[in-house]
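See structure below.
The values are calculated or read from the model by the stated rules, or taken from the named source; none is laboratory data. Quick caveat, the model's predicted, so the values are computed rather than measured. No Cβ is skipped: glycine too gets one built from the backbone with ideal geometry, and neighbour counts run over all protein chains shown. The accessibility values were calculated without ligands, DNA or RNA, using every heavy atom of the protein model including side chains. Shrake-Rupley method; radii C 1.70, N 1.55, O 1.52, S 1.80 Å.
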Amino acid sequence: EAGVAQSPRYKIIEKRQSVAFWCNPISGHATLYWYQQILGQGPKLLIQFQNNGVVDDSQLPKDRFSAERLKGVDSTLKIQPAKLEDSAVYLCASSLRFTAGANTGELFFGEGSRLTVL
Amino acid sequence: AQSVTQLDSHVSVSEGTPVLLRCNYSSSYSPSLFWYVQHPNKGLQLLLKYTSAATLVKGINGFEAEFKKSETSFHLTKPSAHMSDAAEYFCVVGESGGSYIPTFGRGTSLIVHP
């Protein structure tokens, strides 16, 4: 079974430029997550999708970040314009749709996209 | 609301000695609890999970964790550390009520000395 795919693995941009990250979850996984992991910190949830609907985006800086999952499969996270503090690893994860007692809610992660903003 | 606290940012042990990484959680509902490991420049890998079955959970690479509801804890242990265990460890909580939104702790860096 193929895992979660992310691209690009590394990206270096100047501040105020734009960048996009792509994620393809495990086949059949209804839930998709984007996390931001700043060096030395734990991952912070940016946005959670259930199929193509947004479950939670309360920590997404909506003035510069956007994400979509149009067909309920793969997803794109965009930053425009980038700031220095956006330098981080952007992690995509997927899971089966969580139903209490039916599954564990385990997340499966991609290897991440490392962004450096200069 | 849910939250998770990893009590130590760094833990240093000698190879062959026991490992204890501490995690406390807060949850309004029955929680699912996980430990993930992250080696340098690698993705996050699941070590073990608790989902309201047995309170003592066994994971990969000899790791275990015990769910203690009275103490709201889910500490990770291993009897004997190996050099390859050096990594960042994350405790994660997810609530079964309402929207399921997994929340990460800040992480504990495990350092293993020869």
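Give region A:54-72 a look and list any residue that's within 14 Å of chain B (Cβ to nearest Cβ) and within 12 Å of A:Gln36 (Cβ to Cβ), or say none.
Once the filter is applied, which keeps residues that are within 14 Å of chain B (Cβ to nearest Cβ) and within 12 Å of A:Gln36 (Cβ to Cβ), region A:54-72 yields A:Gln59, A:Leu60.
Can you list the strands (runs of 3 or more DSSP E) lying wholly within region A:36-118 that have 2 or more residues being without any contact (Cβ under 8 Å) to a residue 24 or more places away in the chain?
It comes to A:44-50, A:53-56, A:65-68.
Restricting region A:18-35 to residues that are buried (at least 18 other Cβ atoms within 10 Å of the Cβ), in a strand (DSSP E or B) and more than 10 Å from chain B (Cβ to nearest Cβ), which is farthest from the chain's Cα centre (by Cα)?
Filtering region A:18-35 for residues that are buried (at least 18 other Cβ atoms within 10 Å of the Cβ), in a strand (DSSP E or B) and more than 10 Å from chain B (Cβ to nearest Cβ), the one farthest from the chain's Cα centre (by Cα) comes out as A:Val19.
Inspect region A:62-78 for any residue being more than 21 Å from A:Ala5 (Cβ to Cβ) and among the β-branched types (Val, Ile, Thr) and give the result as yes or no.
Within region A:62-78, none of the residues are more than 21 Å from A:Ala5 (Cβ to Cβ) and among the β-branched types (Val, Ile, Thr).
State yes or no: is A:Lys15 in contact with a helix residue (DSSP H, G or I) (Cβ under 9 Å, 6 or more places away or on another chain) and either surrounded by fewer than 17 Cβ atoms within 10 Å (Cβ to Cβ) or assigned to a strand (DSSP E or B) (or both)?
Taking the combined requirement at face value, the residue satisfies it.
Looking at B:Val19, B:Val4, B:Val13 in this structure, which one is out of contact with any Lys or Arg (no Cβ under 8 Å at 6 or more places or on another chain) and closer than 22 Å to B:Met83 by Cβ?
Step by step, each of B:Val19, B:Val4, B:Val13 is checked, and only B:Val13 is out of contact with any Lys or Arg (no Cβ under 8 Å at 6 or more places or on another chain) and closer than 22 Å to B:Met83 by Cβ.
Could you list, in sequence order, the residues of region B:88-110 that are open to solvent by less than 10 Å² (accessible area, probe 1.4 Å) and either closer than 16 Å to B:Val37 by Cα or more than 9 Å from chain A (Cβ to nearest Cβ) (or both)?
B:Tyr89, B:Phe90, B:Cys91, B:Val92, B:Val93, B:Pro102, B:Gly105, B:Gly107, B:Thr108, B:Leu110
Which number in (1) more than 22 Å from A:Ala88 (Cα to Cα); (2) open to solvent by less than 20 Å² (accessible area, probe 1.4 Å); (3) out of contact with any Lys or Arg (no Cβ under 9 Å at 6 or more places or on another chain) marks the one condition that B:Ile60 misses?
That leaves (2) as the condition not met.
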